[in-house]
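Right, one structure below, let's go through it.
The values are calculated or read from the model by the stated rules, or taken from the named source; none is laboratory data. Note that the structure is a prediction, hence the values are computed from the model and not measured. Because the Cβ atoms are built from the backbone with ideal geometry, glycine has one as well, and the counts that use them run over all protein chains shown.
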Amino acid sequence: MNKKIQILSILFLGFSSVAFSQIKEEKLILNKKREPEVKKIEKKKTSVVIEKNYPPEEKSANPVKYTITDVPAVSDFKTSTIQGEDVTPKFDGTAQNNYFQIGMGNYGKILADANISTTLENKLEVGADVHVLSTNGLKKEYDWNSKQSSATLGAFLNSYGEKGKINVNAEYGLNNYNYYGIYAVNPSADVDLKQKVNQFKVNGYYDFYSNEILNDVRVKSSFLSDHFDAKENQASILANLSKHAVKLSDNGIVMNADLGLGLETVKTDFKLMDQNSATFFNADLAPKLTFAKGENYLMVGSTFAFLNARNSNLNMAEVKNNKSYWFPKAEFQIAAAKEFKFYGGIDGGLKLNTYGELLQENPFLLSDQMLRPTETTYHFYAGLRGDIDETFKYDVSAGYGKMKNIMFFGANNLFTNEFTLDRPGYDFANTFSALYDDGNVSDIKGSLQYFPLENLILDADVRFLKYDLKNYENIYNVPLVTGSMGAKYTMFEKKLSLGFKGIFATDRTTNSYMLEGVGSPSMIFQSTEDTNDKVGGYADLNLSAEYKIHKNFSIFALGNNLLSSKYQTYKGYKVLGAQVVGGVKITF
């Protein structure tokens, strides 16, 4: 425990644009689902409904979080609250910004959160938050170390002026874990499998209350390092210019004009293996026009991207690439009624794949990656959405697109074939690298929300994703179907709040290796690759309960992976079984 306290004591306090703690960010994910999904999509796509001229007091009363980290929702050595699928019930309307909660459970799990904030003069809000999680891992499954711990510490500032709102945030994150997913050999218990990732983020956001000319400005930066001396620096700025609600006729047709201007730069250097190095500079120009009448609209636009890329490693001299891109962008909606709204469109874009973002998807990457941007040449989609009596909301759509440099994860072989177990922790066929291929993608997705009672909310979503690649027969580590079901129920005048979240995924194809020792007298490892191995699907059931004993004191219990499914997130990486955490929460 002293070690955890020492870790907390060295974390650096900065400023925050997200403006709230990790758990409050995750609350935003759930609260967004309380709003009509259709209305949220309409506002984003049409930009017709002008709501930005309301007084600053309303934004102050309902602050918006501008960044959400989308992390895969699995129980891999982390409770659901840490993973981004927060099934812990919240007391909406009575929650306080200042709180401290701590919980303990099986697998040696310790969870702690704290958030402190205050509003000064002139509506200046400042605060800080702490988040810590640790677990002893799967000691009964692995003889070697599978412990994990993570911690984040940040601070934030919100200022609400007469013309706009500014948010500034800084956050330090530490993730300390092991490459424990060894399946092809049987190393000794004292093998060093350690990996550690440090990341410091500084973000700023300024939002004007009106949509006249300069709409908003966002600035982001990130500085990352890991146990093997990898370094990555990233910075971006995005400005949105707009002129909204231009009246075109007396029959209610209006026009919105928007122009997005973006700059992004990323520099990544690895010191391991091939010592890959990559530098990207990307500039975006995205004009669009939206014509609307009531809930019917037509949006037409384009995205122009100008990319400068440089790649090199020990085996390759620096390769420079300057390229311009054009991507179509259009969308329409025909609202036959509030219950039935047909929509469709086309879009595309360029995404820079960074080491930090790849680690969010797969923390078990080798600290040496060839980074390339992924290009969505075009993506057609069409769907139907609606709102039935304000109690049932749905959105179903299907799409088809063409992509270049589709990124996915493939398992690495041994890097040295000497017949020895005295090797680095990443050299047991237990790490992954980014692979790329061109191809087509088909997707079908649907979501629904149901509000049968005032104190009961049900939601569900499902997604089908199929890739047809040019070179690889299968895409690795991408399930064909994923989905989730959730519910929140309050009782006893909101003193007792219950939560449920079930997540599932079908089988995933992966590559894997079988190792055997051959040769005499000096033996070596010989490997055989299976390019059609399967990592089984899973169903992960999560329950939660919180009882408010006093307005400032409550107790909670979390149950994660209650079916005790010993599924794997990636080949060799089993997750924790059934987990139960209990604790207390104090608000002040």
Next on the checklist: Conditions first: (1) surrounded by fewer than 17 Cβ atoms within 10 Å (Cβ to Cβ); (2) in contact with a Ser or Thr (Cβ under 7 Å, 6 or more places away or on another chain); (3) not hydrophobic (A, V, I, L, M, F, W, C). Residue 329 passes all but one, so which condition is the exception?
Outcome noted: (1)
Checklist entry - Could we say that residue 468 is at pLDDT 95 or above, loosely packed, with under 14 Cβ neighbours inside 10 Å and under 28 Å from the mean Cα position of the chain (by Cα) here? => result yes
Checklist entry - If we keep just the residues of the range 123-160 that are touching a residue at least 60 places away in the same chain (Cβ under 8 Å) and of a type in the set (Val, Ile, Thr), which is nearest to residue 183 (Cα to Cα)? => result 135
Checklist entry - Does the range 512-519 include one or more residues that are in contact with an Asp or Glu (Cβ under 9 Å, 6 or more places away or on another chain), exposed (fewer than 15 other Cβ atoms within 10 Å of the Cβ), free of Cβ contacts under 8 Å to residues at least 24 places away in the same chain and part of a strand (DSSP E or B)? => result no
Item to check | Given (1) touching an Asp or Glu at 6+ places or on another chain (Cβ under 8 Å); (2) not in a strand (DSSP E or B), number of the condition residue 118 does not satisfy | outcome: (2)
Next on the checklist: Going residue by residue through the range 558-569, is there one that turns out to be over 28 Å from residue 410 (Cα atoms) and charged (D, E, K, R)?
Outcome noted: no
Checklist entry - Is there a residue being in contact with a Ser or Thr (Cβ under 9 Å, 6 or more places away or on another chain) and modelled with pLDDT under 95 anywhere in the range 234-242? => result yes
Item to check | Per-region count, the range 96-119, residues surrounded by 14 or more Cβ atoms within 10 Å (Cβ to Cβ) and either out of contact with any Ser or Thr (no Cβ under 7 Å at 6 or more places or on another chain) or among the aliphatic types (A, V, I, L, M) (or both) | outcome: 12
Checklist entry - Of the residues that make up the range 492-499, is at least one of a type outside the set (Val, Ile, Thr), surrounded by 13 or more Cβ atoms within 10 Å (Cβ to Cβ) and not in a strand (DSSP E or B)? => result yes
Checklist outcome for this item: Listed by first then second residue, the pairs whose first member lies in the range 329-346 and is farther than 13 Å from residue 398 by Cβ, whose partner is among the charged types (D, E, K, R), with beta carbons under 6 Å and at least 6 positions apart or on separate chains, are 329/347; 331/45; 333/341; 335/295; 335/341; 338/387; 341/385
Checklist entry - Pick from 519, 572: which is under 26 Å from the mean Cα position of the chain (by Cα) and small (Gly, Ala, Ser)? => result 572
Checklist outcome for this item: In the set 317, 336, 305, 292, the lone residue that is in contact with a Gly (Cβ under 8 Å, 6 or more places away or on another chain) and among the aliphatic types (A, V, I, L, M) is 305
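So that you can scan it fast, the table gives a plain yes or no per residue for (1) within 29 Å of residue 327 (Cα to Cα); (2) crowded, with 16+ Cβ neighbours inside 10 Å; (3) touching an Asp or Glu at 6+ places or on another chain (Cβ under 6 Å):
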| residue | (1), (2), (3) |
| --- | --- |
| 367 | no, yes, yes |
| 372 | yes, yes, no |
| 388 | no, no, yes |
| 418 | no, no, no |
| 429 | no, yes, no |
| 432 | no, yes, no |
Next on the checklist: Which condition from (1) at pLDDT below 95; (2) in contact with a helix residue (DSSP H, G or I) (Cβ under 7 Å, 6 or more places away or on another chain) is the one that residue 315 breaks?
Outcome noted: (2)
Checklist outcome for this item: If we keep only residues of the range 185-198 that are touching a strand residue (DSSP E or B) at 6+ places or on another chain (Cβ under 8 Å) and surrounded by fewer than 20 Cβ atoms within 10 Å (Cβ to Cβ), then the residue nearest to residue 158 (Cα to Cα) is 198
Next on the checklist: Any residue at all in the range 288-296 that's at pLDDT 95 or above and of a type in the set (Gly, Ala, Ser)?
Outcome noted: yes
